[in-house]
Amino acid sequence: MSSNENDNSGRNPGGGGNPGHGSPNVHIDVDGHNKSVRAGDWLVSDLKEKVGVDPAKVLAEITPTGLVDLDDQAHIDVKEGLRFMSHARKGGSS
């Protein structure tokens, strides 16, 4: 064990968020996949890009009372253990 690639103490390798605030990374679940992102405030569209969700889809938070769709322009406070799923947008022209 010559180095630990996951040791990011004191650094913000992603460059996102609020520089200098030192937000730690947290683990969230997106479509059944564990993702590591910085904790704190995210614009939903930026979070979708970071975790690989198709921009054409809706990101929904999985809560104890059901799914809560998140608007792409809304902000969310990302914390350890949050769960999300993506799905096709409803409506549209036919």
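For the criterion of being at pLDDT 60 or above, open to solvent by less than 80 Å² (accessible area, probe 1.4 Å) and outside any strand (DSSP E or B), G15 fails.
Of all residues in the stretch 61-72, exactly one satisfies the criterion of being closer than 18 Å to A39 by Cα and either open to solvent by 100 Å² or more (accessible area, probe 1.4 Å) or within 11 Å of the chain's Cα centre (by Cα) (or both), namely E61. Checked against the criterion of being open to solvent by 80 Å² or more (accessible area, probe 1.4 Å) and closer than 22 Å to P24 by Cβ, the candidates R83, R89, R38 yield just one match: R83. Remark: pairs (first residue in the stretch 65-94, within 21 Å of E49 (Cβ to Cβ); second residue of a type in the set (F, W, Y); Cβ separation under 6 Å; 6+ apart in sequence or on different chains) = I76/W42; V78/W42. More than 23 Å from N25 (Cβ to Cβ) and in contact with a His (Cβ under 6 Å, 6 or more places away or on another chain): does that describe V58? For V58, the condition - more than 23 Å from N25 (Cβ to Cβ) and in contact with a His (Cβ under 6 Å, 6 or more places away or on another chain) - is met.
Here G10 meets the list (1) assigned to a strand (DSSP E or B); (2) of a type outside the set (D, E, K, R); (3) at pLDDT below 95 almost entirely, failing just condition (1).
The values are calculated or read from the model by the stated rules, or taken from the named source; none is laboratory data. Computed from a predicted model, the values in this text were never measured in an experiment. All Cβ positions, glycine included, derive from the backbone under ideal geometry; neighbour counts span all protein chains shown. Calculation scope for accessible area: heavy atoms of the full protein, side chains included, ligands and nucleic acids excluded. Shrake-Rupley method; radii C 1.70, N 1.55, O 1.52, S 1.80 Å.
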